[in-house]
Amino acid sequence: QAEGLPHLDGPPESSGPTRTFSFHQKVPIPPYLLALAAGQLESRELSTRSRVWSEPSMVAAGAYEFAGTEAYLAAGEAVAGPYVWGRYDLLLLPPSFPYGGMENPVLTFVTPTLLAGDRSLTNVVAHEIAHSWTGNLVTNATWAHFWCNEGCTVWLERKILQHLNGEDMFQFAASNGWMDLADDVRRLGPTHPFTCLVPDLSAGIDPDDAFSKVPYEKGFAFIYYLNTLVGGAAKFDPFFKAYIMHFAYKTVTSDQFKAYFCNYFKDETALAQIDWEAWFHSPGMPPVTNVYDTKMVKQAWDLAKKWHTCDVMGIGGQGPVSASATDIDGWSSELICAFLDKLSELRAVQPMHATTVSKLASLYGLYSTPPRNAEIRGSFFRLALAAEDPECLPHVTELVATQGRMKFLRPMYRSLFHSKMGKQLALDLFATHKASYHPIAVKMVGADLGV
């Protein structure tokens with residue numbers, strides 16, 4: 001459907017049974033950002049420079065979910081400088097899309113798993129908007145320097161959320177991000193070369209094979225550390241805007257980032273404390289542990305500790321004596337996920353017993369009324385699979401059968417495969433559904449399962 005497409009140079013040219021569409025991208029882009037989409041699409045206006053596109057059945061839901069897009073754009077401009085791309089449109093892809101979002105300039109691709117019905121997952125849109133500066137405007141020179149894209153983007157995403165929702169939200173997201181990083185470092189192993197901020201990919205390693213939370217969250221941790229070291233936002237925010245302006249329409253390496261940072265802050269004596277070699281090239285967790293304000297996440301973590309300590313040995317039980325359905329009344333989906341993820345972290349060595357998980361699910365309605373929020377389901381099902389709770393199997397089966405986002409596919413398949421009850425089921429489900437997944441998802445899940 002070409003009518004109303006602001007990206008076209010003009011109406012399509014007809015020639016017999018075919019039509020030719022012409023596009024003009026006014027701002028230079030890296031080649032990996034070139035993408036085309038075709039289908040029966042409708043759109044809804046979100047602002048004078050933004051709209052959402054999708055198949056007709058989803059366009060109204062998309063318009064509701066992403067109504068705050070203009071506010072994200074304005075916040076990004078306040079932090080990073082002018083938005084140079086003109087329009088910012090969103091396209092809801094089919095469920096097989098393997099990522100949360102892809103920051104294609106002018107038209108971001110997003111997964112329908114963001115349609116939670118309560119606008120609780122739109123931080124992904126904030127992330128993709130942040131890429132308009134970090135990634136699309138200033139681009140990592142090679143994939144070894146992927147953190148220059150993603151670590152900076154996570155920082156800018158959280159600055160956007162801070163601009164709109166306050167410092168507590170920034171610190172909440174940072175605290176959860178640190179936990180996500182620790183989880184991936186634990187999964188990969190603390191000495192694995194892929195846990196380096198700047199991994200060595202020179203031997204022909206496929207960057208997809210190195211993909212993890214490391215460039216995102218270790219990169220963010222590094223940026224936050226530098227921010228703190230030089231005196232906080234009053235000094236660091238102007239640096240960041242100047243960095244964007246200096247490298248706009250160019251690529252950047254880690255050493256170039258270092259050189260620009262050191263020159264900008266050449267009068268700061270604190271820079272002598274930075275161990276650049278350790279930050280860039282040492283595996284494992286960062287060489288410095290940042291201190292984040294955990295007051296917003298504390299109630300979620302405290303509840304996780306109650307469920308953890310009620311059955312430390314994993315022999316089964318009915319949960320904390322004081323536990324009730326009201327524990328999570330009024331909680332945002334982010335808080336519920338923080339509770340479940342913290343509980344998974346606490347049970348990394350000794351999984352919970354199935355009876356305890358079943359009680360948790362019963363109290364909080366995680367089986368009887370499965371939440372529409374894919375993040376909550378993903379976090380809970382990982383916990384349930386580790387506990388060998390058979391009640392989760394039909395729900396996990398439904399999740400991997402109906403969407404192809406790797407953020408959920410890979411942990412579900414890995415957890416299922418490594419459980420006592422689910423190894424063969426994981427292989428069978430993958431054989432049944434892999435034809436509906438994106439090729440990159442097939443490759444990565446196949447590697448996880450050894451097939």
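The values are calculated or read from the model by the stated rules, or taken from the named source; none is laboratory data. As the structure is a prediction and not an experimental result, all values here were calculated from the model. Every residue, glycine as well, gets a Cβ built from its backbone with ideal geometry; the counts of neighbours run over all protein chains shown. Calculation scope for accessible area: heavy atoms of the full protein, side chains included, ligands and nucleic acids excluded. Shrake-Rupley method; radii C 1.70, N 1.55, O 1.52, S 1.80 Å.
On the stretch given as region 269-307, residues that are among the charged types (D, E, K, R) and either under 23 Å from the mean Cα position of the chain (by Cα) or at pLDDT below 95 (or both) total 3.
Looking across region 23-78, the residues that are part of a loop (DSSP other than H, G, I, E, B) and of a type in the set (S, T, N, Q) come down to GLN25, GLN40, THR48, SER57.
Looking only at region 75-113, count every residue that is among the hydroxyl-bearing types (Ser, Thr, Tyr), touching a residue at least 40 places away in the same chain (Cβ under 8 Å) and within 18 Å of VAL27 (Cβ to Cβ) and tell me the total.
Residues meeting the conditions: 2.
Could you tell me whether any residue of region 76-90 is of a type outside the set (Val, Ile, Thr) and either within 16 Å of the chain's Cα centre (by Cα) or more than 29 Å from PHE236 (Cα to Cα) (or both)? Taking every residue of region 76-90 in turn, at least one turns out to be of a type outside the set (Val, Ile, Thr) and either within 16 Å of the chain's Cα centre (by Cα) or more than 29 Å from PHE236 (Cα to Cα) (or both). Just so you know, in region 114-130 the residues that are open to solvent by less than 20 Å² (accessible area, probe 1.4 Å) and either polar (S, T, N, Q) or in contact with a His (Cβ under 6 Å, 6 or more places away or on another chain) (or both) include one that is nearest to TRP85 (Cα to Cα), and it is THR122.
One residue alone among LEU360, LEU340, LEU385 is part of a helix (DSSP H, G or I) and over 20 Å from LEU409 (Cα atoms), and that residue is LEU360. Considering every residue within region 179-186, establish whether at least one is farther than 23 Å from LYS407 by Cα and in contact (Cβ under 8 Å) with a residue 24 or more places away in the chain. Checked region 179-186: no residue is farther than 23 Å from LYS407 by Cα and in contact (Cβ under 8 Å) with a residue 24 or more places away in the chain.
For TYR72, the requirement of being aromatic (Phe, Trp, Tyr), open to solvent by less than 70 Å² (accessible area, probe 1.4 Å), touching a strand residue (DSSP E or B) at 6+ places or on another chain (Cβ under 7 Å) and touching a residue at least 40 places away in the same chain (Cβ under 8 Å) is not met.
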